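The values are calculated or read from the model by the stated rules, or taken from the named source; none is laboratory data. On a predicted model such as this, the values are computed, not experimentally measured, just so you know. All Cβ positions, glycine included, derive from the backbone under ideal geometry; neighbour counts span all protein chains shown.
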């Protein structure tokens, strides 16, 4: 892939039981408006399903919107599986309802950035555009 190819971003919004919903339209619009290619994660948004999507799509980024309170297990599972699948260079970012006290631990674990629920969607998109290159992905 060349530097001119758009950065591919898998967007996930996991719900209870490993199922998932589409990412919020405002987030998708901000990312596509910033020149990023958005791939919706689909129905299986368990850590295994998310990593399968990232690898299949050759994504450089996975953006997880965590609203469930089990963000440590979710992000940790994704990070572990990415490493096991040889995709440890994929940038993992997230947002949603994540207590400030947990952000430090998630970053120490390998999450590149956590955006608070008040962060404008365009700011997250710009962060990806400025910090990630497609070649750093799978």
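Here is how the numbers come out for the structure above:
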| read-out | value |
| --- | --- |
| Of the criteria (1) in contact with a strand residue (DSSP E or B) (Cβ under 7 Å, 6 or more places away or on another chain); (2) in a loop (DSSP other than H, G, I, E, B); (3) at pLDDT 90 or above; (4) surrounded by fewer than 21 Cβ atoms within 10 Å (Cβ to Cβ), which one residue 89 fails | (1) |
| Any pair with Cβ under 6 angstrom, 6 or more apart, that starts in the range 101-126 at a residue that is in contact (Cβ under 8 Å) with a residue 60 or more places away in the chain and ends at one that is part of a helix (DSSP H, G or I) | 121/26; 121/27; 121/30; 122/30; 125/30; 125/31 |
| Test: residue in the range 61-73 that is within 13 Å of the chain's Cα centre (by Cα) and over 17 Å from residue 115 (Cβ atoms) | no |
| The range 25-48 - residue that is assigned to a loop (DSSP other than H, G, I, E, B) and surrounded by 14 or more Cβ atoms within 10 Å (Cβ to Cβ) and, of those, nearest to the chain's Cα centre (by Cα) | 41 |
| Residue among 55, 51 that alone is in a helix (DSSP H, G or I), at pLDDT 95 or above and crowded, with 22+ Cβ neighbours inside 10 Å | 51 |
| Residue match in the range 96-113 (condition: under 12 Å from the mean Cα position of the chain (by Cα) and at pLDDT below 95) | yes |
| Which numbered condition residue 12 fails, given (1) at pLDDT below 95; (2) surrounded by 20 or more Cβ atoms within 10 Å (Cβ to Cβ); (3) in a helix (DSSP H, G or I) | (3) |
